[in-house]
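Comments concern the structure below.
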Amino acid sequence: MSLTHKILIALMWLFAGLMVADAARAERIKDLASVAGVRNNQLVGYGIVVGLDGSGDQTTQTPFTVQSIINMLSNMGVNLPPGQSLQLKNVAAVMVTASLPPFARAGQQIDVTASSIGNAKSLKGGTLVLTPLKGADGNVYAMAQGHLVVNGAGASGGGSKVQINHLSVGRIAGGATVEREVPTPLGQGEFVYLDLHDTNFGNAQRIVEAINKAMGGGLASASDGRQVRVRAPTGADDRVGFLGRIENLDVTPTQMPAKVIVNSRSGSVVMNQKVTLENCAVAHGNLSVSVSAENTVSQPGALSGGQTAGVTNAQIDIKQEGGAVVNVRPGVNLADVVKALNAIGANPQDLIAILQAMKAAGALRAELEII
């Protein structure tokens with residue numbers, strides 16, 4: 001094989017590799033945007049779970065559970081004597097929530113979640129009684145009923161208790177039947193609007209270019225960095241097919257801005273690959289306060305006439321760990337940033353304070369968001 005042929009083969013492999021890399025970075029329009037008006041609708045309802053194994057609400061502390069049972073029995077023709085006191089252990093009051101997907105038709109089934117609102121210990125093994133689910137407008141859109149599935153277990157005895165996962169929330173797959181449909185228009189007039197998941201002028205422009213290139217020039221235009229307007233066929237069948245083709249067009253999104261997400265409750269810190277650091281010096285030391293108490297008995301001397309008394313001896317220790325000054329070198333990629341932060345030797349909670357100080361000092365080249 002000649003040198004020319006080898007060079008040609010190498011160039012072909014290089015070109016193929018670049019094409020694969022481009023395809024790997026490309027995303028479909030449906031991953032970057034959604035059709036305006038096509039969305040879920042939240043449903044909620046108040047219901048009763050029965051059939052629990054003695055783990056239901058304590059009716060002396062949750063009177064609404066007893067009232068619900070009395071009303072339910074009354075609707076079924078069972079009238080209790082006035083002033084009747086019910087001691088129920090196998091019943092729990094719950095809030096039932098569901099998400100009604102777009103274009104859902106009457107008779108279709110959706111999943112529901114039942115969450116205890118009383119003091120029930122567990123919903124395991126319970127059955128949700130027929131519960132109407134209402135939307136924000138107060139209309140009933142679905143009816144829920146079925147056996148709850150609780151992904152957990154628990155046991156107690158002799159003052160000891162063991163629990164795995166959460167026992168006061170259960171789920172019913174296909175537990176609600178849609179009774180009312182929500183009209184979902186696909187655009188108004190001749191236009192359909194695509195709403196981007198994140199405001200990004202670059203992505204909006206690239207979506208417009210991809211649509212005009214694949215479907216014909218002049219069909220798409222960007223209203224702003226969040227919405228793209230597309231001229232679509234007026235017929236329902238043609239419009240559905242048109243949107244199906246648009247959703248699957250590939251777009252190479254612009255690079256995301258450098259960002260650091262800090263969860264102050266759990267101490268989690270997540271950063272993307274665009275985060276960089278400038279040269280800075282960091283000193284951080286932990287302050288710990290320890291309080292210990294020892295209970296003793298003071299015994300009076302013989303014939304002193306005193307009384308025995310309990311005495312609590314408290315001891316408070318304050319320790320400050322030494323925080324040496326660490327020179328953090330500039331980092332131009334995520335690996336360098338992680339290496340620099342690890343050199344400080346701080347735990348996740350300390351890292352939150354350090355990142356805030358770095359941002360204030362101008363050494364952290366990223367947007368810091370605390371949730």
note = Residues meeting the amide H criterion for residue 33 (H placed from the backbone, H to H distance under 5 Å, 5 or more places apart or on another chain) are 197
task = Quick one: net charge around residue 151, please, counting Lys, Arg +1 and Asp, Glu -1 for every other residue with C-beta under 10 Å from its C-beta.
result = +2
ask   = What's the center-to-center distance, using Cα atoms, between the stretch 245-286 and the stretch 67-118 in Å?
value = 45 Å
message = List the residues, sorted by chain then number, that are 5 or more residues from residue 272 or on another chain and whose placed amide H is less than 5 Å from its amide H.
response = 259
note = Summing +1 per Lys or Arg and -1 per Asp or Glu among the other residues with Cβ less than 14 Å from residue 370's Cβ gives +1
query = At each listed q (0.17, 0.22 Å⁻¹), what is the log10 of I(q)/I(0) that the Debye formula gives for the stretch 31-136 modelled as equal alpha-carbon point scatterers?
reply = -0.83, -1.16
Exceeding the 32 Å Cα-Cα cut-off - candidates 121/259; 30/259; 30/339; 30/134 = 121/259; 30/339
Cα coordinate range in the stretch 185-251, projected on the principal axes (Å, largest first) = 31, 22, 19
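Any read-out appearing in this document is the output of simple, stated calculations on the displayed coordinates, not a laboratory observation. Here the structure is a predicted model, which means the values were calculated and not measured. Glycine also receives a Cβ, built like all others from the backbone with ideal geometry; neighbour counts cover every protein chain displayed.
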